[in-house]
Amino acid sequence: MFSRFKNRMNTTAPRHRLTQGGLRLSDLRSGEKARILEIGGSEQFRIRLMEMGLLVNDIVEVDKYAPLMDPMELIVKGYHLSLRRMDAEKIAVELIERNE
């Protein structure tokens, strides 16, 4: 039984790389809006985000952060979505509206 689990953990799934030097979703502050440019990470991760409603070219707004800055709460297509910062680091965005 453990060997099957170990084999699953050691598989090297192809990783999707983000473009270098871009702004990450985790870099945004509360109240800022951005357009999703690219979603990195493993294929399973990208599929999970797609099932939650995060797609390329969608507009997201950072609603608020938890007290220790993790997780962050996003507004996507009119609903609230909580996302861990380490997952938000895999999402490249283009800033649309800055919170001054």
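Read-outs throughout are calculated quantities, based only on the coordinates presented, and are distinct from any laboratory measurement. Every value quoted in this text rests on a predicted model; they were computed, and no experiment measured them. No Cβ is skipped: glycine too gets one built from the backbone with ideal geometry, and neighbour counts run over all protein chains shown.
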Hey, can you rank 35-46, 81-92 by average C-beta count inside 10 Å, highest first? 81-92, 35-46
Apply 1/(1 + (r/R0)^6) to the Cβ-Cβ distance of Lys64 and Glu38, taking R0 = 25 Å, and write down the FRET efficiency to the nearest 0.05. 0.55
Amide H of Leu23 versus every other amide H placed in the peptide plane: which residues, excluding those fewer than 5 positions away on the same chain, fall under 5 Å? Val93
Ranked packing of 72-78, 50-56, most packed first, by mean Cβ within 10 Å: 72-78, 50-56
With a bin width of 5 angstrom, please list the P(r) values of region 15-97 as percents of all Cα-Cα pairs, from the 0 bin to the one holding the largest distance. 3, 16, 29, 29, 17, 5, 0
What number comes out for the charge environment of Tyr79, summing +1 per Lys or Arg and -1 per Asp or Glu over other residues with Cβ under 15 Å away? -3
